[in-house]
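Q: To start, I am sharing the structure in question, which I have written as structure tokens.
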Amino acid sequence: MEQQAKEQQAAKWDHIEVEKNPQRKTATIILNRPEKMNTLSFLGRSHLNQIFEELNRDDDVRVIILKGAGTKAFSSGGTISQFMERHPEELSVLHKNVAAPERSPKPVIAQLQGYTFGVGLEIAMACDFRVASDTTLLALPEIRLGMIPGSGGTQRIARIAGLGRAKDMIMRGRRIPADEAYQWGLLTTVVPQEQLEEAVQSLVDELLQFSPLALRVLKQVLNASQEGPLSAGLEIEGYAYGMLRSTEDFREGVEAFNEKRKPNFVGR
């Protein structure tokens with residue numbers, strides 16, 4: 001039955017699998033094309049967006065993990081041959097599907113190893129956390145094809161690592177190893193390959209301790225504040241802070257603190 005379910009899922013999504021763990025309250029999205037370094041087709045990008053939309057509505061999922069099959073790559077990028085088959089207008093909106101992890105109201109962890117190139121890196125940069133093995137290599141090599149990144153790569157790299165580093169990386173088509181990427185702030189943490197799964201699950205444990213409602217609001221506040229001046233960000237933060245004052249989770253958190261016990265957050 002389990003094999004049949006996987007085959008049905010494989011037919012539904014283009015080289016992408018979804019595994020849910022009800023006990024852990026997690027869902028793992030797997031880019032599953034290891035023989036092609038988990039390259040992502042145009043259809044796969046659309047399917048990734050649809051998968052996130054489904055998981056966003058699933059109250060039994062509190063944390064989402066995004067990983068690549070095998071150990072050689074998270075994703076080496078897009079299917080290059082397909083670009084010449086697409087209309088320029090279609091290419092200009094590719095960033096919308098790639099931003100699905102960023103739009104998700106739930107914490108999203110990218111589990112990275114090996115080649116994390118092109119759209120693979122752009123997807124990872126749209127996640128909230130990037131837990132990487134020491135084998136990870138980051139690159140946006142589009143300049144080598146006479147092209148530029150088109151799914152958020154130029155913008156997110158520059159905003160996180162700074163304009164100078166973004167130019168150094170993208171304009172030269174450089175491959176950035178894990179230790180350097182961590183120093184730039186592009187990676188949340190770097191661990192030996194054999195400890196990667198454990199590090200991701202440890203982060204999941206940490207996130208599950210917190211109120212899912214507070215995490216959802218916090219993610220919205222942090223993301224929205226990047227789009228405007230400090231004054232606007234302070235207003236957004238203030239409104240969210242006031243709103244959370246009336247929630248059951250905040251009351252539970254205060255009571256648990258006073259009673260010196262572990263809180264039981266329910267997301268309301």
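Q: Looking only at residues that are closer than 21 Å to Gln209 by Cα and without any contact (Cβ under 8 Å) to a residue 60 or more places away in the chain in segment 22-58, which one is surrounded by the most Cβ atoms within 10 Å (Cβ to Cβ)?
A: Checked segment 22-58; the qualifying residue surrounded by the most Cβ atoms within 10 Å (Cβ to Cβ) is Ala27.
Q: Turning to a different aspect of this structure: Filter segment 15-55 for residues that are among the polar types (S, T, N, Q) and touching a strand residue (DSSP E or B) at 6+ places or on another chain (Cβ under 9 Å); which is nearest to Leu203 (Cα to Cα)?
A: Here the answer is Thr26.
Conditions (1) modelled with pLDDT under 95; (2) part of a strand (DSSP E or B); (3) assigned by TED's automatic domain parsing to the domain that holds Arg130, marked per residue:
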residue: Ala11; (1), (2), (3): yes, no, yes
residue: Ala27; (1), (2), (3): no, yes, yes
residue: Ile30; (1), (2), (3): no, yes, yes
residue: Leu43; (1), (2), (3): yes, no, yes
residue: Gln50; (1), (2), (3): yes, no, yes
residue: Leu55; (1), (2), (3): no, no, yes
residue: Val61; (1), (2), (3): no, no, yes
residue: Ile65; (1), (2), (3): no, yes, yes
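Q: Examine segment 223-242 for a residue that is within 21 Å of the chain's Cα centre (by Cα), within 20 Å of Ile64 (Cβ to Cβ) and either of a type in the set (Ser, Thr, Tyr) or at pLDDT 90 or above (or both), and state whether such a residue exists.
A: yes
Q: Let me ask something else. If a residue counts only when it is more than 16 Å from the chain's Cα centre (by Cα), among the β-branched types (Val, Ile, Thr) and not assigned by TED's automatic domain parsing to the domain that holds Arg57, which strands (runs of 3 or more DSSP E) contained entirely in segment 107-219 have at least 1 such residues?
A: Filter on segment 107-219 gives an empty set.
Q: Can you tell me which residue among Phe250, Phe257 is touching a Leu at 6+ places or on another chain (Cβ under 9 Å), more than 30 Å from Arg156 (Cβ to Cβ) and among the aromatic types (Phe, Trp, Tyr)? It would help to see each step written out before you state the result.
A: Details: Phe257 fails: touching a Leu at 6+ places or on another chain (Cβ under 9 Å).
The unique qualifying residue is Phe250.
Q: Can you tell me which residue among Val204, Val221, Val190 is surrounded by 12 or more Cβ atoms within 10 Å (Cβ to Cβ), over 24 Å from Pro105 (Cβ atoms) and out of contact with any Pro (no Cβ under 6 Å at 6 or more places or on another chain)?
A: Answer to the selection: Val190.
Q: Follow-up question, since we're still on this one. Starting from segment 133-162, take each residue that is at pLDDT below 95 and list its partners that are β-branched (Val, Ile, Thr), counting only C-beta distances under 6 angstrom and pairs at least six apart or across chains.
A: Glu142/Ile148; Ser151/Val98; Ser151/Val119; Gly152/Val98
Q: Still on this model: How about segment 174-188: which of its residues are within 15 Å of Gly120 (Cβ to Cβ) and small (Gly, Ala, Ser)?
A: Restricting attention to segment 174-188, the residues satisfying the condition of being within 15 Å of Gly120 (Cβ to Cβ) are 175-176, 178, 181, 186-187.
Answer for segment 174-188, where residues must be within 15 Å of Gly120 (Cβ to Cβ) and small (Gly, Ala, Ser): Ala178, Ala181.
Q: Is at least one residue of segment 81-88 assigned to a loop (DSSP other than H, G, I, E, B), more than 18 Å from the chain's Cα centre (by Cα) and modelled with pLDDT of 95 or more?
A: Within segment 81-88 (the criterion being assigned to a loop (DSSP other than H, G, I, E, B), more than 18 Å from the chain's Cα centre (by Cα) and modelled with pLDDT of 95 or more), the answer is no, since none of the residues qualifies.
Q: May I ask you to list the residues in segment 229-266 that are in contact with an Asp or Glu (Cβ under 7 Å, 6 or more places away or on another chain) and closer than 16 Å to Val217 by Cβ?
A: Across segment 229-266, the qualifying residues are Phe265, Val266.
Q: So, of the residues in segment 247-268 that are among the polar types (S, T, N, Q) and modelled with pLDDT of 90 or more, which turns out to be farthest from Leu207 (Cα to Cα)?
A: Among those residues, the one meeting the criterion is Asn258.
Q: Looking at segment 256-264, is at least one residue under 27 Å from the mean Cα position of the chain (by Cα), surrounded by fewer than 11 Cβ atoms within 10 Å (Cβ to Cβ), hydrophobic (A, V, I, L, M, F, W, C) and assigned to a helix (DSSP H, G or I)?
A: no
The values are calculated or read from the model by the stated rules, or taken from the named source; none is laboratory data. Given the structure is predicted, the values throughout are model-derived calculations rather than measurements. Cβ: placed from backbone, ideal geometry, glycine included. Neighbour counts: every protein chain shown.
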